[in-house]
Amino acid sequence: MSGATGTGVIHGVGVGPGDPGLLTVRAVEVLRSAGAVLAPAPHRGGDSLALSIVRPYLPAGCEVHTAHFPMTERRGELRAAWDEAAALLLRLAAAGAPVAFITLGDAMLYSTWSYLHAAVRRLAPDADVRTVPGVTAMSACAAAVGRPLAEGREPLLVWPDEPPADAGELLGLAPNVVFMKAGRHLPALATAAQRSGADAVAVRRASRPDEAWTTELREWAADREYFTTVLMHRAGEDTPTDGSAPASDPEEEHA
Ligand SMILES: C[S@@+](CC[C@H](N)C(=O)[O-])C[C@H]1O[C@@H](n2cnc3c(N)ncnc32)[C@H](O)[C@@H]1O
């Protein structure tokens, strides 16, 4: 895959939640043709989980680079890191082969890729930049516990980080709430679920060999693990408890 200018296409590739079997066929095609891959690393020189997922698919001779993105709210520092990574992607693509930035889950859901995508466009408006969507972590969590993320006409709310003081308020907005980065907030989420009469389940490392889940959220409070997601559901008029069919969209799945 070569862009109009003879430089390689720059892809942002969502590599899914952890199980290499959950890479998409498109992701594997892009990775097999890549001349270089850039992976986010949790700290300078650290291992990249995304890289461990895709390694079996990288062709011999594929250059592997890692980039560290600081955990900071300081916009200037973050922007400098995104610009540096975007400039590296452009330099690698100049060699002519496709280049891939790999990211966990989906590439356009709470992912560094959305910022890199914008940074590449800013630095090189004519660059050929594409995105390969991936299986989200929340999809893998729902699959692990055998519970829907949402059904019928129910809205779904995704909360990306520290929940509000009364997380239960969110269940007033939508009967299904997904809390990401939930490992540090399990006691507060357990309290919110109890007060709201909602079902809550915490899932960690979904789709990986050490996947686990619990409805006793406080049991994992001390672990504060990053790869933890909480799914909450408050039964309402859309969710009959008597086994009858929920109100559903008649066009659902028939389109
Ligand atoms: C920055 S978000 C990345 C979201 C990702 N782009 C996606 O599409 O799912 C990181 C959060 O995703 C969740 N996460 C990622 N992988 C996970 C997994 N295998 N199991 C459970 N939660 C996971 C955790 O809540 C983690 O704190």
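Computed values, structure above
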{"read-out": "Top of ALA165, ALA119, ALA107 by mean-square fluctuation, Gaussian network on the chain, Cα under 10 Å", "value": "ALA165"}
{"read-out": "Under the Debye formula (equal points on every Cα, no solvent term), log10 I(q)/I(0) of region 137-233 at q = 0.20 Å⁻¹", "value": "-0.90"}
{"read-out": "Charge sum, other residues only, whose C-beta stays under 14 Å from THR215's C-beta, Lys/Arg counted +1 and Asp/Glu -1", "value": "0"}
{"read-out": "Histogram of C-alpha separations across region 10-132, 10 Å bin width, %", "value": "14, 50, 32, 4"}
{"read-out": "Residues whose placed amide H lies under 5 Å from that of VAL37, excluding near-sequence neighbours", "value": "GLU63, VAL64, HIS65, ALA100"}
{"read-out": "For ARG130, distant residues with modelled amide H under 5 Å away", "value": "ILE10, HIS11, GLY12"}
{"read-out": "Calculated P(r) tail over 32 Å for the chain, as whole % of Cα pairs", "value": "31"}
{"read-out": "Student exercise, the chain dipole from Lys, Arg, Asp, Glu Cβ charges, in Debye to nearest 20", "value": "1040"}
{"read-out": "Most fluctuating residue given options ALA95, ALA34, ALA188, as computed from a GNM of the chain linking Cα atoms under 10 Å", "value": "ALA95"}
{"read-out": "C-alpha long axis of helix 186-196 to longest principal axis of the chain, angle in °", "value": "40"}
{"read-out": "Gain in span if fully extended, LEU157 to ALA80, counting 0.36 nm per residue against the direct Cα distance", "value": "24.6 nm"}
{"read-out": "Which of ASP166, ASP106, ASP128 has the fewest Cβ neighbours within 10 Å, and the rest in rising order", "value": "ASP166, ASP128, ASP106"}
{"read-out": "Given the chain, longest segment not containing exposed loop trypsin sites (Lys or Arg not before Pro) (DSSP; at most 15 other Cβ within 10 Å)", "value": "75-152"}
{"read-out": "Approximate spin-label separation THR214-ARG91, in nm, with each point projected 7 Å along Cα-to-Cβ", "value": "4.6"}
{"read-out": "Volume per residue that the Cα convex hull of region 118-189 spans, once the total is divided by residue count, Å³", "value": "157"}
{"read-out": "Of all DSSP beta bridges in the chain, antiparallel share, percent nearest 5", "value": "40"}
{"read-out": "GNM top mover of PRO148, PRO40, PRO209 - the chain, alpha-carbon springs below 10 Å", "value": "PRO209"}
{"read-out": "Helix-only mean residue ellipticity at 222 nm for the chain, each DSSP H run of n ≥ 4 adding -39500 (n - 2.57), per residue, nearest 500", "value": "-8000 deg cm²/dmol"}
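Since every read-out is calculated from the coordinates, none of them should be taken as a lab result. Since we're looking at a predicted model, the values are computed, not measured. Every residue, glycine as well, gets a Cβ built from its backbone with ideal geometry; the counts of neighbours run over all protein chains shown.
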